[in-house]
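Enquirer: Quick one: the structure is below, and I'll ask about it shortly.
Read-outs: derived from the displayed coordinates by stated rules, not from any lab. From a predicted model like this one, the values you see are computed outputs, not experimental measurements. Here the Cβ positions follow ideal geometry from the backbone for every residue, glycine too, while neighbour counts run over all protein chains shown.
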Amino acid sequence: MSTPVKESRPIVISGPSGVGKGTLIQKLFEEFPNTFAFTVSHTTRAPRAGEIDGKDYFFVTPSTFADLISQGAFVEHAKFGGNQYGTSQKTIADQTAKGLIVVLDIEMDGVRQIQANPNIKARYVFIKPPSFEVLEKRLRGRGTEKDESIQKRLAQARVELDYAETGVHDKIIVNDNLQEAYEELKKFVFDSN
Ligand SMILES: Nc1ncnc2c1ncn2[C@@H]1O[C@H](COP(=O)(O)OP(=O)(O)OP(=O)(O)O)[C@@H](O)[C@H]1O
């Protein structure tokens, strides 16, 4: 079922690794399968078990990634946890042209770059953990990262949380109770302009 929306500006969802962005976005897509669209990011990181090239990410080598940067293909690209991630201008334009609302799940440097890009008029949501301790617990509980990667993500999380304090996002949602956070996200997506 598709739901009428007031506008089709892309929604940029950011927040520290492990805070629950993927979980919230998945719920939104499940409830409204014909309203939203993902853009498939490019990354130099290795696929996790079950991830499919071209669906979850375009998995590329560092050299291909560098070529795409020099061609100006990305609206944002960033290095995180030793790997590079980028969103192409084309993937956003293609989905918006279909009448879908693009949902972007990106981290802080990417948010900054999109905010500086006059061609993209997005709305910005920050997902915040109830506490740093809870964030660490979720990240460990997910079981996808080695300890070194968890430490990197937690260090980056502090920087992300400080950035959110500067008031650059349109909406900040604390993901404590998942259902409540999801309701807040839906309200923002469908109600505000
Ligand atoms: N409100 C919540 N309460 C308890 N656990 C949660 C909540 N939201 C998400 N989780 C759990 O926390 C873990 C991290 O969630 P998720 O993978 O969605 O994070 P993420 O922000 O997408 O991380 P990354 O940026 O690394 O992809 C998952 O195991 C998820 O099930």
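Enquirer: Which of the listed residues, I114, Q95, Y57, is farthest toward the dipole's positive end in the chain, when Lys, Arg count +1 and Asp, Glu count -1 at the beta-carbon?
Expert: The one lying farthest along the dipole's positive direction is Q95.
Enquirer: Just for the Cα atoms in the chain, what are the lengths along the principal axes, largest first, rounded to whole Å?
Expert: Cα spread of the chain along its principal axes, largest to smallest: 44, 41, 34 Å.
Enquirer: Please compute the modelled spin-label separation between K79 and S63, points set 7 Å along Cα→Cβ, answer in nm with one decimal.
Expert: So the label points at S63 and K79 sit 1.9 nm apart.
Enquirer: For region 1-86, give the magnitude of the charge dipole about the Cα centre (Cβ charges: +1 Lys/Arg, -1 Asp/Glu; no others), in debye to the nearest 20.
Expert: Charge dipole, region 1-86, about its Cα centre: 180 debye, nearest 20.
Enquirer: Another question about this same structure. Lys/Arg Cβ at +1, Asp/Glu Cβ at -1, dipole of the chain taken about the Cα centre: which of L68, G81, A164 is farthest positive-ward?
Expert: Final value for the positive-end residue is L68.
Enquirer: For a quick check, take a GNM of the chain with Cα springs below 10 Å and name the residue from T144, T39, T96 with the largest mean-square fluctuation.
Expert: T144
Enquirer: With springs only between Cα atoms under 10 Å apart, run a GNM on the chain and tell me which of S149, S41, S88 wobbles the most.
Expert: Comparing S149, S41, S88 in the GNM, the peak value goes to S149.
Enquirer: Follow-up question, since we're still on this one. To the nearest 20 Debye, how big is the dipole of region 11-191 about its Cα centre, given +1 on the beta carbon of each Lys and Arg and -1 on that of each Asp and Glu?
Expert: On the way: 23 positive and 25 negative charges, 31 e Å.
Approximately 140 debye in magnitude.
Enquirer: What FRET efficiency, computed as 1/(1 + (r/R0)^6) with R0 = 30 Å and r the Cβ-Cβ distance, is obtained for K186 and T166, rounded to the nearest 0.05?
Expert: 0.70
Enquirer: 7 Å from Cα along Cα→Cβ at both F132 and Q26: what's the point-to-point distance in nm?
Expert: So the two model labels end up 2.8 nm from each other.
Enquirer: If R₀ is 22 angstrom, what is the calculated FRET efficiency for the pair D56 and A97, using the beta carbon separation as r and rounding to 0.05?
Expert: Efficiency, rounded to the nearest 0.05: 0.45.
Enquirer: For the chain, the longest stretch holding no trypsin sites (Lys or Arg not before Pro) located in a DSSP loop with at most 15 other Cβ atoms within 10 Å is which?
Expert: Formally, the longest exposed-site-free interval is 147-193.
Enquirer: Do the sum for the chain: with -39,500 (n - 2.57) for every DSSP H run of n ≥ 4, divided by all residues, what is the mean residue ellipticity at 222 nm, to the nearest 500 deg cm²/dmol? It would help to have the intermediate numbers written out before the result.
Expert: Working: 7 runs with 80 residues, N = 193.
Theoretical 222 nm ellipticity from helices: -12500 deg cm²/dmol.
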